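> Here's a structure for you.
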Amino acid sequence: MNLFDIIGPIMIGPSSSHTAGAVKIGNVARRLLGEDVKKAEIYFMGSFLSTGKGHGTDRAIVAGLLGLAVDDDGIPNSFEIAEKRKMKFTIKAGEDVEGHPNAVRMKLIGVSGRKIEVMGNSVGGGRIEICEMDGVETSFSAEAPTLIIQNEDKPGYVAEITPILVKEHVNIATMQLHRRKRGTIAVMVIECDQEIPDSCIKALKKLDGVLEVVYLSMRGLE
Amino acid sequence: MYDSLNQIIKEEKEKKTPFWKLVQLDDCHESETTVKESMSEVMRVYTAMKDSVINYDSSLKSQSGLVGGNGEKIRRRLNKRQMICGDFIGTVIEKALKVSESNACMKRIVAAPTAGSCGVVPAVLISLQEKEGFSDEKMCEALYVAAGIGGVIASKASISGAQHGCQAEIGAASSMAAGAAVYLYGGDGSDIANAAALALKNLLGLACDPVAGLVEVPCVKRNVMGAVNAITSADLTLAGIKSKIPADEVFEAMNKIGRNMNADIKETAEGGLAATKTGNRIKESIKIK
Ligand code: SF4
């Protein structure tokens with residue numbers, strides 16, 4: 001927590017968890033997709049479902065998927081903006097997941113056809129956690145430059161990936177390993193202290209066994 | 001972030017550095033920002049607070065229809081010079097309503113410390129600036145003071161209604177605003193802490209019981225109470241009236257009370273006003289189709 005968590009954030013009301021948090025989750029999901037969203041299936045759970053309407057959570061999520069920031073005047077009109085930009089969306093009730101009281105699951109299709117499934121949880125004060133990506137459990141706040149690497153689950157891959165970051169003087173703040181099932185697909189989530197250069201991401205993509213690299217940059221955000 | 005007001009008061013004396021400056025330097029150190037960047041961000045926050053008053057739209061209603069238009073009603077009464085409490089407290093009330101109603105109506109506000117309690121700090125600070133003509137720079141210093149108090153409350157207890165009830169939201173906001181107000185009138189660290197203590201003492205144990213789980217009832221009107229309580233706490237302090245319990249200990253008491261509170265009065269909307277006959281009826285009437 002820093003000073004601007006106490007006198008801040010500047011945001012569209014009414015709720016830091018149910019409005020600002022929801023915008024952020026939508027925003028991060030869009031950045032994870034890496035392109036404009038063409039179609040979104042949105043499933044609300046827990047108190048997002050029970051009190052979301054009154055908090056504008058539905059408009060907030062759509063605003064986030066459109067790339068609006070938490071203090072954007074357009075949030076209350078996000079449905080209209082989505083129509084103008086031809087982003088299709090549906091909002092339904094999802095199945096509750098234990099331990100995630102303010103959660104939303106999103107199935108997204110991007111303009112180029114790229115697909116992603118993301119689940120986010122609003123943890124209070126406008127802070128969020130991405131708790132699932134493409135069926136793999138994760139846990140990151142999206143508040144630092146974050147690398148999400150999917151690769152074949154084989155021994156030694158961590159040792160191959162880290163030197164590439166070290167060479168570029170990127171300092172690793174946290175690192176998590178998750179996997180679907182032993183020997184199938186593993187997901188590595190690396191939160192860094194610095195932005196990661198493009199060259200580094202290209203090098204990671206070329207590694208044997210790496211299936212996908214998603215980079216969540218903080219550039220252009222406050 | 002400091003975890004005790006006593007520590008700030010001690011450093012203020014030792015380093016001969018004012019309260020607000022200590023808070024600023026500490027945050028710059030932790031967030032790796034420069035003093036200039038920090039100051040311009042605080043200015044942006046203060047400007048956003050002023051805008052949240054100016055941009056009030058009395059024709060708006062919240063999504064549930066429960067909230068809207070009350071700031072304008074007070075303005076009309078002010079214009080006729082009818083306020084029992086006088087013009088100054090009248091404008092404090094007006095702004096507290098306008099900002100928190102704007103929040104409920106999905107307009108831009110500054111969470112200070114939370115969105116639910118967003119009306120308290122701006123109502124106090126902006127009204128004092130209008131009354132005394134303080135510079136914007138001075139107001140930013142007062143915001144650092146408010147943030148310093150809020151930071152200590154967050155580390156000793158919490159600034160979340162879900163964790164510690166409304167004492168942690170409106171209570172914290174009122175405590176922050178009281179200290180900031182005293183600073184504007186020349187108070188030092190001890191005075192700031194005294195006002196912060198007096199304000200929060202009045203709000204210990206306050207339940208978080210929002211009807212239908214929405215940041216509307218009782219939240220909007222509690223902002224009024226939090227703002228007025230901050231002004232009276234500042235006046236008591238400036239008159240030399242001492243809080244018998246020091247601020248840090250008040251915050252610790254809030255933490256204990258918060259822990260002992262039942263979950264039904266911690267933002268779950270299952271107890272207190274939310275669970276009244278009328279509260280339940282309202283909840284049913286605005287159910288999502
Ligand atoms: S009642 Fe609860 S939601 Fe409303 S202002 Fe107080 S703490 Fe916030």
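For every residue, the table says whether it meets (1) part of a loop (DSSP other than H, G, I, E, B); (2) without any contact (Cβ under 8 Å) to a residue 24 or more places away in the chain; (3) open to solvent by 10 Å² or more (accessible area, probe 1.4 Å).
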| site | (1), (2), (3) |
| --- | --- |
| B:Glu41 | no, yes, yes |
| B:Lys50 | no, no, yes |
| B:Gln63 | yes, no, yes |
| B:Arg75 | no, yes, yes |
| B:Gln82 | yes, yes, yes |
| B:Ile93 | no, no, yes |
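> Hey, A:Pro155 hits all of (1) free of Cβ contacts under 8 Å to residues at least 60 places away in the same chain; (2) assigned by TED's automatic domain parsing to the domain that holds A:Gln194; (3) in contact with a Gly (Cβ under 8 Å, 6 or more places away or on another chain) but one; which does it fall short on?
Only one criterion in (1) free of Cβ contacts under 8 Å to residues at least 60 places away in the same chain; (2) assigned by TED's automatic domain parsing to the domain that holds A:Gln194; (3) in contact with a Gly (Cβ under 8 Å, 6 or more places away or on another chain) is unmet by A:Pro155, namely (3).
> Related question: In this structure, does A:Ile25 turn out to be touching a residue at least 60 places away in the same chain (Cβ under 8 Å), under 30 Å from B:Ser40 (Cβ atoms) and at the interface with another protein chain (Cβ under 7 Å from one of its Cβ atoms)?
So A:Ile25 does not fit the description; no.
> Right, here's the next one. Please determine whether any residue of segment B:177-195 is within 14 Å of the chain's Cα centre (by Cα), assigned to a helix (DSSP H, G or I), within 13 Å of chain A (Cβ to nearest Cβ) and within 16 Å of the ligand (Cβ to nearest atom).
There is at least one residue in segment B:177-195 that is within 14 Å of the chain's Cα centre (by Cα), assigned to a helix (DSSP H, G or I), within 13 Å of chain A (Cβ to nearest Cβ) and within 16 Å of the ligand (Cβ to nearest atom).
> Out of all the residues in segment B:226-256, which are open to solvent by 50 Å² or more (accessible area, probe 1.4 Å) and in contact with a helix residue (DSSP H, G or I) (Cβ under 7 Å, 6 or more places away or on another chain)?
B:Leu236, B:Leu238, B:Lys242, B:Ile245, B:Pro246, B:Glu252
> Quick one: would you say B:Ala104 is hydrophobic (A, V, I, L, M, F, W, C) and in contact with a strand residue (DSSP E or B) (Cβ under 7 Å, 6 or more places away or on another chain)?
Against the criterion (hydrophobic (A, V, I, L, M, F, W, C) and in contact with a strand residue (DSSP E or B) (Cβ under 7 Å, 6 or more places away or on another chain)), B:Ala104 does not qualify.
> Follow-up question, since we're still on this one. Only residues in segment B:148-167 that are within 19 Å of B:Trp20 (Cα to Cα) count as the first member; pair them with residues that are crowded, with 24+ Cβ neighbours inside 10 Å and not aliphatic (A, V, I, L, M), Cβ under 7 angstrom, at least 6 apart or cross-chain, and list the lot.
If the second residue must be crowded, with 24+ Cβ neighbours inside 10 Å and not aliphatic (A, V, I, L, M), the pairs left are B:Gly148/B:Phe19; B:Ile149/B:Ser175; B:Ile149/B:Gly179; B:Gly150/B:Pro113; B:Val152/B:Phe251; B:Ile153/B:Ser175; B:Ile153/B:Phe251.
> Another question about this same structure. On the basis of being within 13 Å of chain B (Cβ to nearest Cβ) and either within 25 Å of A:Phe140 (Cα to Cα) or hydroxyl-bearing (Ser, Thr, Tyr) (or both), does A:Ala60 make the cut?
yes
> As an exercise: evaluate A:Phe79 against (1) on the phi < 0 side of the Ramachandran plot; (2) surrounded by 17 or more Cβ atoms within 10 Å (Cβ to Cβ) and give the number of the one condition it does not meet.
Evaluating A:Phe79 over (1) on the phi < 0 side of the Ramachandran plot; (2) surrounded by 17 or more Cβ atoms within 10 Å (Cβ to Cβ) leaves (2) as the failure.
> For segment B:134-144, indicate whether the set of residues that are open to solvent by less than 10 Å² (accessible area, probe 1.4 Å) and within 7 Å of another protein chain (Cβ to nearest Cβ) is non-empty.
Yes; the residues of segment B:134-144 include at least one that is open to solvent by less than 10 Å² (accessible area, probe 1.4 Å) and within 7 Å of another protein chain (Cβ to nearest Cβ).
> What number of residues in segment B:196-239 are more than 10 Å from the ligand (Cβ to nearest atom), within 14 Å of chain A (Cβ to nearest Cβ) and modelled with pLDDT of 95 or more?
Final tally of qualifying residues: 1.
> What pairs come out if I take residues in segment A:1-16 that are at the interface with chain B (Cβ under 7 Å from one of its Cβ atoms) and hydroxyl-bearing (Ser, Thr, Tyr) and pair them with residues that are open to solvent by 10 Å² or more (accessible area, probe 1.4 Å) and within 16 Å of the ligand (Cβ to nearest atom) whose C-beta lies under 7 Å away, six or more apart or interchain?
These pairs meet every condition: A:Ser15/B:Val215; A:Ser16/A:Gly125; A:Ser16/B:Thr114.
> Ok, one more. Checking the condition open to solvent by 60 Å² or more (accessible area, probe 1.4 Å) and assigned to a helix (DSSP H, G or I), which residue from B:Glu37, B:Glu101 passes?
B:Glu37 is the lone residue from the list that is open to solvent by 60 Å² or more (accessible area, probe 1.4 Å) and assigned to a helix (DSSP H, G or I).
The values are calculated or read from the model by the stated rules, or taken from the named source; none is laboratory data. Computed from a prediction, not measured in an experiment: that's the story for all the values here. Every residue, glycine as well, gets a Cβ built from its backbone with ideal geometry; the counts of neighbours run over all protein chains shown. To get the accessible areas, we keep the full protein, side chains included, count just its heavy atoms, and leave off ligands, DNA and RNA. Shrake-Rupley method; radii C 1.70, N 1.55, O 1.52, S 1.80 Å.
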